[in-house]
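Notes follow the structure.
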Amino acid sequence: MRAQGNLLARFQKTLRQYRLLEPGESVVVGVSGGPDSVALLDLLRRSEVAPHVAHLHHGARGADADADADFVVALASRWGLPCTVGRADVPALAQREGLAFEEAARRVRYGFLLQTAQAVRARAVAVGHHADDQAETVLMHLLRGAGLAGLRGMAPVTSFAALAPLLILPDGSPAPRDVDVQLIRPLLQTPRAEIEAYCREQGLETRFDRSNLDTTLFRNRLRHETLPYLAELNPCIAERLCRLAEVARADYALLEQLTEATWAALIVEQRPEAVTLALDGWRAQPLALQRLLLRRAAFHVRPTLRDVDFVHVENAVALAQTGATGAVATLPNGIALRVGYTTLTVSAEEGARLPETRPWLVPGTRLALSLPGETELPGGWTLSATRVESWDLAAIAANADPFVAWVDAQAVTGGAMLRTRERGERFRPQGLGGAGVRLSDFLINVRFPRAWRDALPLLVAGEEVLWIVGVRLSETALVRPHTGAVLRLEVRPPATER
């Protein structure tokens, strides 16, 4: 039997095996003009379904992109198929969203396909991802440090409801989230070579995107350099990576079932901006479920979150396992984990209330200080500065009150003030021998909650941050054996609170 018959028969078997489409059903087909999508479209039109062609012009690549769109329109017309062509300014959207062009293009492309499916009332969108794409995806995730979720690669069927929070429509607006459309990949088990052979046998004309040769792009480098090298060590590397994806997908599905059941048993409160779990119940779970529960909580409060780094999760797990009441860990994108007496809460930090146990400033505040003397702070707090003629270095070193600091008076000159942090500024933390670090990095390292950082008071002289009030003193301000004059600084709460 010719390759055409083999591929068509296996393709139709895949449609039946995964119940991707019913006979006569309408399906939107993403067609770029390349061999994968053209072969997919041809196979679908031979499989008793009703394809609707969809092509997005990304607003890049100039005349080549124009020619791709014209090619797809002509192909659809020749085969008598309905066609929708959209256009988006992906470079502008990428800049607006702070995304790499490739990531922005992916989000907008799927947003367009979803929009087209809703417009033509199709319940499925088909794309031409094949086995080599799957191998590249798994390897890419592996090299980036993915866990089991990433090693699943792409699934034959994905709900657009799961993708929607990340998608962007061509006009730049968010994609609708309450959708009942499936993304299907009927060629996911078919190698690229078979698809290209099918196109040759069928005499299918296709387009070639020269940007696919650009090895400065990570995926292209994997395709043209890394995978060919690995194939010298194991000629079946692509097949092995695809099998890894199948095994990981099945294992992860089981873990998801366990996570769902455990989530239902431990949930105390669930709101769009926060999830609260029973602390003892969470601590009693195996480590794998502890991680998955925290990841699920993070994605619940931030549906647009792309990923949660392993280090963030491990820090949060470690703190949640042993942290005392009130302990806080930060997760990406403004998420905080807080340990309560009997609960564990994951919430969006911007909704967090600033605690009354320390002073705060409105972001942008610049407050002149009386040195020596007293300066009133917001909320009834006071900064007292006293000049000290004699001192005991041992007693200073033993100070355990974070709101008391002894500083070299000579350092506190040049327009000393109390203010909030500024973009990009640096700090010389006590204990680093005068080495400077980004203030933002320091606050991350000491796990100071992200939601509170912009209101944190800083004692500044000139351009030098001398004291992060209640957190750390600068090496520059330290009292040393030969220091001439010393200021004792104390931040006091309102009298009724102490």
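Just one of (1) surrounded by fewer than 17 Cβ atoms within 10 Å (Cβ to Cβ); (2) assigned to a loop (DSSP other than H, G, I, E, B); (3) not small (G, A, S) fails for R387. It is (2). Considering the range 142-175, and only residues there that are under 21 Å from L113 (Cβ atoms) and free of Cβ contacts under 8 Å to residues at least 12 places away in the same chain, the residue that is farthest from the chain's Cα centre (by Cα) turns out to be S173.
Residues are listed down the side, and each one gets a yes or a no for (1) under 23 Å from A149 (Cα atoms); (2) touching a Leu at 6+ places or on another chain (Cβ under 8 Å); (3) exposed (fewer than 12 other Cβ atoms within 10 Å of the Cβ):
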position	(1), (2), (3)
L213	no, no, yes
T216	no, no, yes
Y229	no, no, yes
P235	no, no, yes
E239	yes, no, no
A245	yes, yes, no
R249	yes, no, no
Y252	yes, yes, no
L258	yes, yes, no
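Could you please let me know if R192 is of a type in the set (D, E, K, R), under 25 Å from the mean Cα position of the chain (by Cα) and under 14 Å from H130 (Cβ atoms)? No; evaluated as a whole, the condition is false for this residue. Of the set (1) surrounded by fewer than 23 Cβ atoms within 10 Å (Cβ to Cβ); (2) out of contact with any Pro (no Cβ under 7 Å at 6 or more places or on another chain); (3) within 27 Å of P51 (Cβ to Cβ); (4) hydrophobic (A, V, I, L, M, F, W, C), all apply to A92 but (3).
Say whether the condition of being touching a Phe, Trp or Tyr at 6+ places or on another chain (Cβ under 7 Å) and buried (at least 16 other Cβ atoms within 10 Å of the Cβ) is met by at least one residue in the range 268-281. Scanning the range 268-281, I find no residue that is touching a Phe, Trp or Tyr at 6+ places or on another chain (Cβ under 7 Å) and buried (at least 16 other Cβ atoms within 10 Å of the Cβ), so the answer is no. When we screen R295, R249, R306 for residues that are within 25 Å of E103 (Cβ to Cβ) and not in a helix (DSSP H, G or I), the only hit is R306.
Pairing each residue of the range 361-375 that is more than 17 Å from R488 (Cα to Cα) with any residue that is polar (S, T, N, Q) and modelled with pLDDT of 85 or more, provided the two are 6+ apart or on different chains, yields C-beta distances under 7 Å for L361/T420; P363/T420; G364/T420; T365/T420; L367/T375. Of the residues making up the range 340-358, those that are crowded, with 17+ Cβ neighbours inside 10 Å, at pLDDT below 90 and either part of a loop (DSSP other than H, G, I, E, B) or hydrophobic (A, V, I, L, M, F, W, C) (or both) are A348, A352, R358.
Run G415 past the list (1) surrounded by 13 or more Cβ atoms within 10 Å (Cβ to Cβ); (2) touching a residue at least 40 places away in the same chain (Cβ under 8 Å) and report the number of the one that doesn't hold. Going through the list (1) surrounded by 13 or more Cβ atoms within 10 Å (Cβ to Cβ); (2) touching a residue at least 40 places away in the same chain (Cβ under 8 Å), G415 breaks only (1).
Would you check if L222 is loosely packed, with under 14 Cβ neighbours inside 10 Å, at pLDDT below 95 and not hydroxyl-bearing (S, T, Y)? It is false that L222 is loosely packed, with under 14 Cβ neighbours inside 10 Å, at pLDDT below 95 and not hydroxyl-bearing (S, T, Y). All conditions but one from (1) out of contact with any strand residue (DSSP E or B) (no Cβ under 6 Å at 6 or more places or on another chain); (2) under 30 Å from L319 (Cβ atoms); (3) among the hydroxyl-bearing types (S, T, Y) apply to S474; the one that does not is (1).
The values are calculated or read from the model by the stated rules, or taken from the named source; none is laboratory data. Remember, predicted model here, so these are calculated numbers, not experimental data. Note that each Cβ is placed from the backbone with ideal geometry, even for glycine, and that neighbours are counted across all protein chains shown.
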